[in-house]
Every structure is written in C-alpha cells, then in structure tokens.
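First up is the structure itself, then whatever we jot down about it.
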Amino acid sequence: MSIPGPGGQGLQLTPFRGLRYVAERVGSLAAVTSPPYDVVVRPEGLRQLETADPYNIVRLILPQADSPEARHRQAADTLRRWQADGVLAPDPEPALYVYEQRDGPTLQRGLIGALRLSPREEGIVLPHEEVMPHVVEDRADLMRATAAHLEPLLLAYRGNGNGNGNGKGTSGNGAAGPSTGGPGTGGAARVIESAIQREPLLSTTTEDGVDHHLWRVTDPADLVAVSADLRHHQALIADGHHRWATYLRLREERREPGPWDFGLVLLVDTARYPLRVRAIHRLLRQLSPDNALTAAAHAFRVRTIDGPLPRALETLAEAAEAARAEPGAPNTFLLAGDGRFHLLDRPDPELLARTVPEGRPEAWRTLDATVLHHALLDHLWHVPDTPEHIGYIHDPAAAVEQAERLGGTAVLMHAVGEDIVHELARQGIAMPHKSTSFGPKPATGLVLRSLTLG
C-alpha cells in the first residue's frame, strides 16, 4: 500500500519519550508484560497476570473495581504511583523504537512511534472492521483518566520489499522471510537493520517462549530517513480498531494541537515481515449447544465430528477449503460446549437472501462473520451482541473450556484470507467487528506513551 495522503503526506511517525519499566524495580520484564487487553482470557488469564508481579501492566489496561469510574480512577492512581516510586520512568529524549519478536522460526520487526492521526476519508490509515461503541467508550474513559497510551496498535504497510533479496528467513506466516538489509533497502528498513546491530535497550523472553528486543532510534539522520520513507505509504489497522477509534474520539474533544493528535502504534512492513491471520471465536454464554444445534439444523447441514480439538479444527479448515470450491455459500462453523464437536456448513440460500444485507460486495456478504451475526445470531439464535451474551476469545481451547463450564456454546471460526481483508479495506468496506486476529501482536508493557510527556 503505497498511496500517499493529501499533499503527499502519508504516514507520519514521530519520536516520543517512551515510558518504560525500570528493570531493577520489578521481578523481571517478562513478568510485567501482558497480551493486549482484548486478548487476555478472563478471569483465569487476568488472575495469572495479576499474580505474576505486583507491577504487571494488566493492572493498568484491565483494572479491577466495582464500577467503570472506579476502575479508570484506580488505573490513573496506579500509573501515577508507579512513576512516583520509580517503577516506570521516561526515557531521556524522544525516540522511535525498533521492536523485534522471535518465536522459533517466526521473526517480526517494526517501528514503535507516535503516529499522526487521520480520519478514514484521507486514506492514510485504513480500518477493516467495525467497532463496538461500548468498548470505545471504555477505552476512551481509561485514556482520559490516565492521559496515556498504554499499548501500541499494530499497523501493517507495504514497503519496498526484501531490499537486495540476499537474505532469507521465515515470516510470521511461514513464507519466505525478509532480507537482512543492504543496498536497495528503503529508509525505514535500513534504519531497523542498522539498529539491530547494536546492543538492545531491553531483552526479555515471555512465558509463551517469545523473545522480545527493543532498540532506541534517536539519530536525527535516521529519523529523517524514516519520515521520508513512510510519507509515501498508507497502512492497514491489523490490530487495535477500538483503540484507533478511541484516539480519534479523544482528538476531536481537544481544540488545540498537541500530543492527543498522535497515537501509539507499531508499524510493520509486511513486504518484509508478513503477518499471520487467525480467527476470533465466539462464546455464547447463555445459549446451550442443544438449543443452538436444534435451531441451526433448520438452515444448515449439521454433522458431529471427531475430536480432540486440534483434529476438529483441522476438519473445520478442510471443510472451509472444500466449501470454497463448491457452488453455494462457503460458510463453515464448528460448535462445541457439550463435550463434542459439531460442523455447520451449507447454509440455506433462501435464509441468506433474507437475512444478509444487500448493497455490499459479495466478498463481504459471504464472510463467515457476516453470516454468523446476521443469519445465526440475529435470526436463528436471537442472541444480542452484548458482553453478557457474547464473548470474543482468540484461543479456541479457552473458548471451548468456558463454554463447557458455563453450559454455553463456543462457535469456532476459520480465518479470513488476508487478500479479502485488504481488498475490502481498500473499498472502504468494514468487516463485522472481531472478524480477524492479525499477529504476532506486540507485548503490552515494553513501552508506554504518556500524553503529559508529549
């Protein structure tokens, strides 16, 4: 995606004074990190993070109290106390940060900085999913209270490819990986490859076995090179639609230019480090598997398939691939919660014609998330899209476990193709919320941005 914005200005990534944990004041840097707020599995994962270290970042991104107001006030008080006590401290000067994640053969590198905010109509930052207003409101209240951006969004852009093409590696999705730089490499890529030759600012390995490294970029020539390169590009929001919508809302509340005109992001060049795309699963807390299957059987083919979960997920993937090659709608879902696995496919065309909205591209109308929300949740199951009824869970095992414990239904999804995501985003068409999970996602807690520091 190399389409500059109005006036030739595309992405504008600026340095900032990162707020970071002081290593000597915490048990370990790994113990204070967390997945993004919406990936934390609650309540088990939340409790695990809270007990990992008294200063774990989850106490800021997911504070626990009796009311929303109390939660946000608690997060603000905690953030101020940790700064006063020297647990968190700002870096001495503004910088961009090179961030690397290694997970076995998977390698990802990108730049963390403060990105100038732009509305969708400018075509600089492209969302691909709808957002839920109550989540935006909650994140906005938290950001107002803390005056901080506590975790970076993940944005994907297409740079100039693999430089001189001499290097090889493995990308996040298993494809041929990035080069190691050299002649022909773009400005941002050159700065990243130069930075990683130095000693990291911090290094840690989180409980999931992922290695994290961070370098600071402050050289004026490097900052100019990054700026000159990125201004020719646009980006896709890979992860963080609700936080991006929150950034825009809070900027609109302020009349004077200032730090709220920028948002904390991680920018990854997917020409060098392709992202992986995974599904986000649904937990229907108040719908039993029996009721779900009985209602679905009127309009879908329903088959009970063999487990365990990994084998059932393989069957889902195989069925989804086969459905794309057959006439009719390609939608396929896996239901669980009663100790067994049930495959739903071949939806009734007449049902889809009545329930899926017209006036959208065919790629949108045939999305699994579109059919799930309009045909199944709204029409057959009558499940409202509220937190009391639907949970959005990235880990399929956690979704199944919670469904079995609650007597509810887990709806396991197959991942959407990245090409479909990009094509709809370019057309300005938003997918249903929580349709995709791009990754690897940045760890939360390695670098924060205080709005009082700029």
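The values are calculated or read from the model by the stated rules, or taken from the named source; none is laboratory data. Everything quoted here is computed from the prediction, not taken from an experiment. Glycine gets a Cβ as well: all are built from the backbone with ideal geometry, and neighbour counts include every protein chain shown. Remember, those area values only see protein heavy atoms, side chains included, never the ligands or the DNA or RNA. Shrake-Rupley method; radii C 1.70, N 1.55, O 1.52, S 1.80 Å.
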I'd like the residue in the range 192-221 that is surrounded by fewer than 19 Cβ atoms within 10 Å (Cβ to Cβ) and among the charged types (D, E, K, R) and, out of all such residues, is farthest from A31 (Cα to Cα).
D219
Scan R346, R360, R324, R340 and give me the residue that is over 24 Å from the mean Cα position of the chain (by Cα) and within 15 Å of S435 (Cβ to Cβ).
R360
State which residue is surrounded by the fewest Cβ atoms within 10 Å (Cβ to Cβ) when the search covers only the range 347-401 and only residues that are among the charged types (D, E, K, R) and within 30 Å of P440 (Cβ to Cβ).
D385
Looking at (1) surrounded by fewer than 19 Cβ atoms within 10 Å (Cβ to Cβ); (2) of a type outside the set (G, A, S); (3) over 21 Å from V135 (Cβ atoms), which is the only condition H433 fails?
(3)
If a residue has to be assigned to a strand (DSSP E or B) and either of a type in the set (G, A, S) or in contact with a Phe, Trp or Tyr (Cβ under 6 Å, 6 or more places away or on another chain) (or both) to count, how many in the range 217-236 make the cut?
1
Failed criterion for V41 (all others in (1) over 20 Å from V265 (Cβ atoms); (2) touching a residue at least 12 places away in the same chain (Cβ under 8 Å); (3) outside any loop (DSSP other than H, G, I, E, B); (4) not polar (S, T, N, Q) hold)
(3)
Those residues of the range 8-29 which are among the polar types (S, T, N, Q) and at pLDDT 95 or above amount to Q12, T14
Would the range 366-373 turn up any residue that is under 30 Å from A145 (Cβ atoms) and of a type in the set (G, A, S)?
no
Do you know which residues across the range 300-313 are farther than 27 Å from E129 by Cα and either in contact with a Pro (Cβ under 8 Å, 6 or more places away or on another chain) or crowded, with 16+ Cβ neighbours inside 10 Å (or both)?
V302, L309, A312
When A295 is evaluated against the numbered criteria (1) touching a Phe, Trp or Tyr at 6+ places or on another chain (Cβ under 7 Å); (2) modelled with pLDDT under 95, which criterion, by number, is the only one it fails?
(2)
Give the residues of the range 334-346 that are open to solvent by less than 90 Å² (accessible area, probe 1.4 Å) and out of contact with any Lys or Arg (no Cβ under 9 Å at 6 or more places or on another chain), sorted by residue number.
L334, L335, A336, G337, D338, G339
Condition test on L96, is it open to solvent by less than 10 Å² (accessible area, probe 1.4 Å), outside any loop (DSSP other than H, G, I, E, B) and closer than 18 Å to R243 by Cα?
no
Of R285, R276, R324, which residue is without any contact (Cβ under 8 Å) to a residue 60 or more places away in the chain, open to solvent by 20 Å² or more (accessible area, probe 1.4 Å) and of a type outside the set (S, T, Y)?
R324
Just give me the residues in the range 106-125 being buried (at least 22 other Cβ atoms within 10 Å of the Cβ) and of a type in the set (A, V, I, L, M), in sequence order.
L111, I112, A114, L115, I124, V125
Please enumerate the residues belonging to the range 240-263 that are part of a strand (DSSP E or B) and buried (at least 24 other Cβ atoms within 10 Å of the Cβ).
G263
Among all residue pairs at least 6 apart or on different chains, which show Cβ distances below 8 Å where the first residue, located in the range 78-94, is in contact (Cβ under 8 Å) with a residue 12 or more places away in the chain and the second is part of a loop (DSSP other than H, G, I, E, B) and β-branched (V, I, T)?
G86/V22; V87/V22; V87/V26; L88/V22; A89/V22; E93/T218; P94/T218
